[in-house]
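Reading through the structure tokens given below for one structure.
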Amino acid sequence: ELRPAVITVPASLKLNWAKEIKLWMSTNCDFHIISGKHSQRERLPKANIYIINYDILAIKYYDAKKKSERYICRQDIIGVEPKIIIADEAHVWKSPYAQRTKAMMDLAKRVPYFIALTGTPIVNRPIEIFNCIKAVEPKLFPSYFKYAMKYCGAKHNGFGWNFNGASNTQELYEKLTSTCMIRRKKEEVLKDLPPKMRTVVPMELDNQREYNIAEADLIGWLRTNFGNGKAEKAQQAEALTRIGELKRLAVRGKLKECIDWIEAFLESGEKLVVFAVHKFVIDALMEYFAGKAVKIDGSVSNRQAPVDAFQNDDSVRLFVGNIQAAGVGITLTAASNTCFLELHWSPGVHDQAEDRVHRIGQVADSVTAWYLLAAGTMEEEIAQLIDAKRKVVTKVLDGQDVDEESMLSELMKKYV
């Protein structure tokens, strides 16, 4: 009944929230996704729910009284007079100096209800949770300085106070859990989870226009971008070329959002296994996550070294593998989550890759396979093909009918 509602999220989760709204909310619950292209001076269309990413939430404001610039929440969001804010991955605005934090705190004080969602409210130290507490329950700790002095191991270094420590942590825990914090750890709800779950996370393309042009006229697109030679060769096998080029365009267009999603996941403290197909995808991940990632692809001769590093070294958080080269014959049980940025044609290849983190007879953990798929692209068709093949394989080998709700294509239909 609290409407309008505004959901603030990292950019990589906007479509996922839209998917969940369609799946769980009533059919008359209309929503609007705010993009960076929307002018903040325009009025937002009327909706029950608005979804906006943190990157575009803040605007610069000149305070004439203080004769200085500061950041506040954009006026079109304030103008819809939201009754509740839901802030997903709320730890991303832990820094008091960040633009997004200033915009969130400006928005929070204008809205009667506020829910902050995060698996990692504190990444390193208690000072990081102060903004969340202030947004959710502003009267609990009215003074930043008093909170920091009591709970953040305050030390004076001769120039000023340092609040990067921790103190009175049990008291802080008891105050939070008795007032405004509900915390559920995975092991506490494990009995309610299946041994393996597949979850589709829809991604937006930053090259949507190029993808649409190539999809409509592949030969013309190839001729424009690569010359007559490649276009003429493609005409000899247009169907195969079409599939290959559109797959590359799709993963290239969603790569930035995928990296953002992986980065947010790693902040949870858990390790992650990522599978891809194209070399440029693996190279981009290794470059971005240099120092905390290892890989296995066709260029790696010693496969055991990256496996041992991932399994035994706490500083190695990410395993990046070619889905064929790393999808079989290795154990990666230091993680309970695997992520697919690209799809293979065979369901068996995906099942094998998922099982790198899934122990036979395992009861201590539940494995989640995340599929980061570009909405409205060739990846949907591949997902449907994988599912059709998986149904046949399962019926033949196991004599079972497959629950259609578990199939990737069924999941994709929820947001198409």
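The values are calculated or read from the model by the stated rules, or taken from the named source; none is laboratory data. Keep in mind the model is a prediction, meaning the values are calculated, not measured. Cβ sites come from the backbone with ideal geometry, for glycine too, and all protein chains shown count toward neighbours. The protein model used for the area step is the full one, side chains on, heavy atoms only, and it has no ligands, DNA or RNA in it. Shrake-Rupley method; radii C 1.70, N 1.55, O 1.52, S 1.80 Å.
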Qualifying residue in region 54-75 (condition: basic (K, R), out of contact with any strand residue (DSSP E or B) (no Cβ under 8 Å at 6 or more places or on another chain), modelled with pLDDT of 90 or more and more than 20 Å from I127 (Cα to Cα)): no
Total residues in region 293-309, condition within 24 Å of E257 (Cα to Cα) and open to solvent by 50 Å² or more (accessible area, probe 1.4 Å): 1
Residue list for region 253-292, filter: charged (D, E, K, R), within 18 Å of A383 (Cβ to Cβ) and open to solvent by 20 Å² or more (accessible area, probe 1.4 Å): E257
Residue match in region 212-220 (condition: of a type in the set (V, I, T) and either surrounded by 14 or more Cβ atoms within 10 Å (Cβ to Cβ) or touching an Asp or Glu at 6+ places or on another chain (Cβ under 6 Å) (or both)): yes
Total residues in region 312-328, condition within 17 Å of the chain's Cα centre (by Cα) and in a loop (DSSP other than H, G, I, E, B): 1
Scope region 107-154; condition in a loop (DSSP other than H, G, I, E, B), at pLDDT 90 or above and among the polar types (S, T, N, Q); matching residues: S143
Answer from N16, N53 - the residue that is under 18 Å from A264 (Cβ atoms), touching a helix residue (DSSP H, G or I) at 6+ places or on another chain (Cβ under 7 Å) and buried (at least 17 other Cβ atoms within 10 Å of the Cβ): N53
Number of the exception - Q75 against (1) in contact with a helix residue (DSSP H, G or I) (Cβ under 7 Å, 6 or more places away or on another chain); (2) open to solvent by 30 Å² or more (accessible area, probe 1.4 Å): (1)
Only listed residue being open to solvent by 20 Å² or more (accessible area, probe 1.4 Å) and over 24 Å from S12 (Cβ atoms), chosen from N312, N322: N312
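Scan region 96-110 for residues that are more than 24 Å from W261 (Cα to Cα) and without any contact (Cβ under 8 Å) to a residue 60 or more places away in the chain and jot them down. Quick ask: steps written out before the conclusion?
First, pick out the residues of region 96-110 that are more than 24 Å from W261 (Cα to Cα): 106-110.
Residues satisfying the conditions are D106, A108, K109, R110.
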Residue check, L44 over 24 Å from I182 (Cα atoms) and either among the hydrophobic types (A, V, I, L, M, F, W, C) or open to solvent by 60 Å² or more (accessible area, probe 1.4 Å) (or both): yes
Whichever residue in region 175-206 is part of a loop (DSSP other than H, G, I, E, B) and modelled with pLDDT under 80 and, among such residues, is nearest to the chain's Cα centre (by Cα): K185
Region 329-358 - residue that is among the aliphatic types (A, V, I, L, M) and part of a loop (DSSP other than H, G, I, E, B) and, of those, most open to solvent (accessible area, probe 1.4 Å): A334
Hits in region 112-158 (condition: without any contact (Cβ under 8 Å) to a residue 60 or more places away in the chain, aliphatic (A, V, I, L, M) and touching a helix residue (DSSP H, G or I) at 6+ places or on another chain (Cβ under 9 Å)): I115, A116, L117, I122, I127, I129, I133, A135, V136, L140, A148, A154
Residues within region 79-95 that are open to solvent by 30 Å² or more (accessible area, probe 1.4 Å) and without any contact (Cβ under 8 Å) to a residue 40 or more places away in the chain, tallied: 3
